[in-house]
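Any read-out appearing in this document is the output of simple, stated calculations on the displayed coordinates, not a laboratory observation. Keep in mind the model is a prediction, meaning the values are calculated, not measured. All Cβ positions, glycine included, derive from the backbone under ideal geometry; neighbour counts span all protein chains shown.
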Amino acid sequence: MASVRLLNGVSTCDDVSMPMPGTPLPAALIPDCTKPEAHHAAYRSAKTNDAIFVGIARQGSRWMVELDAFAGSGPTIPEQAVAILQSAVEVLVSDGTATQANIAPDYISIRAIESEQKARDIAAAFHAAMHGLRQLYITVPAPSRRA
């Protein structure tokens, strides 16, 4: 069973730190969750830190990106924000960067990315976007409907 170490109060997985609440990960710190035990440790770390889970995994000769906001306790990302993420995913698939993607209000997977670095860059961008959209939703109240 994989263990999670703490460095300066931040959990690590395979020497990579998961974010503290409110901190998106840069590309270099996205955990490689190819091994099931690394995935479980990183997901546990995200839950412990009340953060959005993000990881990459090798699948054959290509890479996958996975994000899961259910790991944290924040609100569901609103439909308008999901539409922005969906548009970005569609561009990645249409330009051939990825061949398959699934997106829901709290979950994104993007598959068949050519390189580890590209997967890290995509994971970091979507992690920051999900976090930022969630924070915006928390901070800016929804417009009230007038009767």
Virtual spin-label span in nm between Thr34 and Ser87, 7 Å along Cα→Cβ: 3.5
Computed label-point distance, nm, for sites Ala125 and Asn102 using a 7 Å Cα→Cβ extension: 2.3
Which residue, Gln117, His127, Val140, has the largest displacement toward the positive end of the dipole of the range 89-142 when charges sit on each Cβ (Lys, Arg +1; Asp, Glu -1)? Val140
Show me, for the range 27-32, the HN-Hα J-couplings you get by feeding each phi into the Karplus relation (A = 6.51, B = -1.76, C = 1.60, θ = phi - 60°), rounded to Hz, glycine and proline as x. 3, 5, 9, 5, x, 7
